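One structure below.
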Amino acid sequence: ADFDIDAYRAERLAAMQPNIIECAEASEGESQEACHLPQDHRYQALSQKGITLWMTGYSGSGKSTIARALEEKLVLEYGLHVQNLDGDNVRTGLNRDLGFSPGDRAESVRRVGEMACLFTGGGVITLVTLVSPYQADRDAARQRHEEQGLKFMEVFMDVPIEVVQERDPKGLYAKVKTGEIKSFTGMSKDAPYEPPPNPEINLPNYKMTVEESVDMLITELRKAGVLSGGPTNPMGLPMPSGFAGEFLEDELMVKPSEHAKKLAEAATLPKALITDIDVNWLQVIGEGWAAPLKGFMREGPLLQTIHFNSLLIDPFNVTGATAINEMETNWNDYWTRARERVSISVPIVLPITGYTKAAIEGSGKKAVSLVDKDGRTLAILRNPEIYENRKEEIVTRCFGAIDMGHPYISHIYSGGDYLLGGEIELLQKITYNDGLDQYRLTPKQMYAEYEAKGADVVFAFQTRNPTHAGHAYLMRTGRERLIAKGYKNPVLWLSPLGGWTKSDDVPLDVRVKQHVAILEEKMLDPAWTVMAIWPAPMIYGGPTEVQFHAQSRRNAGASFFVVGRDAAGMKGSMEAVTHTDDDIYNANHARYVLQMSPVLEDKEMSLVSFDKFYYDKTDHEMKAMDDSRPDDFISISGSKMRALAAQHATPCPDPIPSDLLAANCIPPNFMVQTGWDIVCDYYADPEGKYLPWSKPIVDPLMADNTMAIGQFGDLSFELTFTEGGRSVSPWHDLTLRPAGYSVSPEEVNFVVEIPMFQTAKMEVNKELPYNPITQDKNKDGSPRYYTYGTPFFNYGLLPQTWEDPALCHNGACGDNDPLDVMEIGSPPPPPGAGGPG
């Protein structure tokens, strides 16, 4: 009888092979003799995951062509491991003994499927390009993957038979027509092709270029989470750098159930004073904008940052260095080294004074409370590391400029002589109580916003100025470019700077209100726009800083960052050694450096770059210059816009003049009217009451016998004492001795002006009626605060006392006001509190 090879194969496949067992994975820490590494650990080490893309379709449908192009891009551009199992190639070796009968076709698919399982299990992106005409055979290959917990995606090359006959790259269809080939898939009854009814990817590549087909497949691979070794986002958006399954805000923010216990602990710890700018940085750290940073930089991470603009990390403990940036800096440790590098280009450090250093070192504690200028304990810093604040090294490495008039350089030099590093526990979400907190979303909340809008990609646009038609042109054009790349619903993140900015920048509240106006009037479409404040301070560091701008947006889900000319730059001050009153950085350097920076190395983020654009008088649109008709274009710079706003420019008549300043007019479509009115109102009164940047507005606790006007911390603040419904003076009307005192003749009334831990310099005002407690000021007129550290005492006055200006000792004379008293030992009472002491 004839030997039935198909029946023999079926029999042997159904039988259990003697003395052979499925290879089991090794558990963590066990010998690798069990066969191979645990799958997750392997993927994390390789920085990619295994998957099989099973590409099926007629001969000539583009399987091999597109697979080769995809393999080339993944290997050469992304640096990933890819193996292509092509139908023609496997028939020269693995399937050399097989023909084209239904049974041999099924065996060919089975063998390739098993080989694909081996590659995919090893973490390889496996591209299978077989006609594989029968659905049952493809389903069997899928089942073998599913049995082993391996990813499998069926890709249908959806190309009509008429198109592949016309393509006929191998001349096979011509041979079918001449009868040279009798049986051919899709062309004869004995060789049907069964299209997949529900493929994961349907690729009608006859309507697309090869590049578009490859981009589509890479997008699907990204959504499948295989282009990274760790946890990924189902929308295909990048996760924060170092993400190991938990958002940093969930890790670093104290749970509500533990808040009371942590607050009680914080009360027992030494305290470090943090400025309003430090609060901005604390928010950046605690919410994960500087991921994977978990605290203010220790000395080692700071050195990595200023010398390499990056940190070494090991989020999955592949090399045993998962805590490399949380360990105390050890100059003699030459063996602990991670192998993955993530971009962090700006120093995120906490300056402290010698007073605070001594308090921490003398406490015997392994933690420090971080207290803001208003006396609020915002965080606990663990395992403190104190080191020298080498200001000149930081400035020269970070800014590449010598300019003591540069606002952030000046800020660095004003800081204490030491830096405090360590990981933080945020006791509460940082809020500012300024009416803008609704626009302050955390990275985790940003992902939820994108999901609600159905985003498949996010591009971020940073603003430091009101948004006009030029900016809108960049954003709309950026979205159009992404749609051309194959994305279905790109979502814009309109990202105004929220942290500290220099004094002549447009205030935060003006910018946010203007952004809201342009969304309400549809200059930008709210359906595909998320407007959310970015919390970091602006340091005006040009090419160095722009890397952080892009990286932190990636940490909140952005895949693209819109970058223009002179990003993060400014003019040198009159104190600059070079570039006095001129741009410190070349306008092209920032985006060039960003293009070459570590931010883009893992291919999770790309740039949308633009050059200069102009207003076209013929169609009232912003666009690139058309050199054939230069007279039709007007340049509207930021300085010109500010000058026009200060003049309250009105709409231009036709024809639109080229000199807008002389005509004092704004051309049509330059900005929505309500947005323009907001900008004009600001420039008409730039010294008015605005919110320049994110600074906490705190309502102080007050004693029952007081009333306040003005804002605490502002020169307008007054705290007045009352008694029986009328105003009284805490200096002249209150008594020195408590009523009915008899315990001790030393017992006196004490009135609190500055509660313990608060740094606002408050004192009774000698000039105003009833001597209210008011905010003291510096010589330059700004509110005065203590800066040496967090006060450990309650500060106040004794009623009915007087410092005689005629009495002097060692050159110090009385101040012609009440006697000042420091009270130690009691908890901080509210301002205005009084009583025996």
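Of the residues 782, 694, ranked by 1.4 Å probe accessible area with the largest first, the sequence reads 782, 694. Rounded to the nearest 0.05, what FRET efficiency do residue 635 and residue 336 have when you use their Cβ-Cβ distance and R0 = 45 Å? After rounding to 0.05, the efficiency reads 0.25. Taking H as built 1.01 Å from N, whose amide H comes closer than 5 Å to the amide H of residue 81, not counting residues under 5 places away? It is 125, by chain and number. Karplus-derived 3J(HN,Hα) values for segment 134-139, using 6.51 cos²θ - 1.76 cosθ + 1.60 with θ = phi - 60°, are 9, 4, 4, 5, 5, 5 Hz; glycine and proline are entered as x.
With 23 Å as the limit on Cα-Cα distance, the pairs of 522/571; 223/603; 207/522; 522/689; 255/294; 522/623 that go past it are 522/571; 207/522; 522/689. Each residue, residue 189 and residue 268, gets one label point 7 Å from its Cα in the Cβ direction; the gap between the two is 9.0 nm. Taking max minus min of the alpha-carbon positions on each principal axis, segment 51-107 gives extents of 40, 22, 19 Å, largest first. Taking GluC sites (Glu not before Pro) across segment 176-242, the ones in a DSSP loop with at most 11 further Cβ atoms lying within 10 angstrom of their Cβ are 180. Cα extents for segment 587-660 along the principal axes, largest to smallest and rounded to whole angstrom: 51, 33, 19. Full extension of the chain between residue 596 and residue 259 gives 117.0 nm of extra length, using 0.36 nm per residue less the Cα-Cα distance. For the chain, the share of accessible area belonging to carbon and sulfur comes to 52 percent (1.4 Å probe, ligands and nucleic acids excluded). Taking only the C-alpha atoms of segment 210-259, the Rg (one decimal) and the largest Cα-Cα distance, Dmax (whole number), read 15.7, 56 Å. Charged neighbours of residue 152, selected by a Cβ distance under 10 Å, balance to +1 (K, R count +1; D, E count -1).
With every protein chain in place and a 1.4 angstrom probe, the accessible-area ranking of 461, 316, largest first, reads 316, 461.
Here the calculated FRET efficiency for residue 170 and residue 147, from their Cβ-Cβ distance with R0 = 30 Å, stands at 0.30, rounded to the nearest 0.05. Within segment 38-59, name every residue whose backbone N is under 16 Å away from a label modeled 7 Å from Cα of residue 319 along the Cβ vector. The answer is 44-47. Beta bridges from DSSP with both residues in the chain: antiparallel share about 55 percent, rounded to the nearest 5.
Take residue 733: with every protein chain present and a 1.4 Å probe, its accessible area is about 80 Å². Inter-part distance, segment 748-801 to segment 378-402, computed on C-alpha centroids, equals 31 Å. A convex hull fitted around the alpha carbon atoms of segment 78-152 yields 91 Å³ per residue.
Between residue 813 and residue 382, the distance separating the two model label sites (each 7 Å from Cα on the Cα→Cβ line) works out to 5.6 nm. Considering only alpha-carbon pairs that sit under 8 angstrom and 6 or more positions apart, the relative contact order computed for the chain is 9 percent. Find how many whole Å separate the alpha carbon centroid of segment 145-164 from the alpha carbon centroid of segment 659-697. For segment 659-697 versus segment 145-164, the Cα centre distance is 56 Å.
How charged is the neighbourhood of residue 355? Take every other residue with its Cβ under 15 Å from the Cβ of residue 355, and add Lys/Arg as +1 and Asp/Glu as -1. Result for the local shell: 0. Spatially, segment 533-565 and segment 453-467 are offset by 12 Å when compared through their Cα centroids.
Here the label points at residue 76 and residue 788, each 7 Å from Cα along the C-beta direction, are separated by 6.7 nm in the simple model. From the list [x] 10, 24, 25, 22, 14, 5, 1; [y] 13, 25, 20, 18, 16, 8, 1; [z] 13, 36, 30, 15, 5, 1, 0, can you say which value of P(r) over Cα pairs in 20 Å bins from 0, in percent was derived from the structure given? For P(r) over Cα pairs in 20 Å bins from 0, in percent, the calculated option is [z]. For segment 241-380, the ratio of Cα radius of gyration to the globular rule of thumb 2.2 N^0.38 Å stands at 1.10.
In this structure residue 625 has an accessible area near 70 Å², from a 1.4 Å probe over the protein heavy atoms. A simple count of charges around residue 815, restricted to other residues whose Cβ falls under 10 Å of its Cβ and scoring Lys, Arg +1 and Asp, Glu -1, yields -4. Temperature 37 °C, viscosity 0.692 mPa s: under these conditions the Stokes-Einstein estimate for segment 605-712, based on its Kirkwood radius over C-alpha pairs, is 189 µm² per second.
Of the residues 226, 349, the one with the largest accessible area comes first in the ranking 349, 226, computed with a 1.4 Å probe on protein heavy atoms.
State the dimensionless ratio Rg/Rh of segment 666-794 (Rg: radius of gyration of Cα atoms; Rh: Kirkwood radius).
The Rg/Rh ratio comes out at 1.16.
Given a 1.4 Å probe and the protein chains as shown, residue 813 ends up with an accessible area of around 60 Å². Given segment 525-684, what whole percent of its Cα pairs are spread farther than 25 Å? The proportion of pairs with Cα distances above 25 Å equals 48 percent. The helix-based estimate of mean residue ellipticity at 222 nm for the chain, built from -39,500 (n - 2.57) per DSSP H run of four or more residues and divided by its residue count, is -8500 deg cm²/dmol to the nearest 500. Cβ-Cβ distance of residue 488 and residue 139, R₀ of 30 Å, FRET efficiency by 1/(1 + (r/R0)^6): the value works out to about 0.55. The Rg/Rh ratio of segment 277-343, with both radii computed over alpha carbons and Rh defined as the Kirkwood radius, is 0.97.
The values are calculated or read from the model by the stated rules, or taken from the named source; none is laboratory data. None of these values were measured; they are calculated from a predicted model. Neighbour counts are summed over all protein chains in view; Cβ atoms, including those assigned to glycine, are modelled from backbone coordinates with ideal geometry. Only protein heavy atoms, including side chains, enter the accessible area calculation; ligands, DNA and RNA are left aside. Shrake-Rupley method; radii C 1.70, N 1.55, O 1.52, S 1.80 Å.
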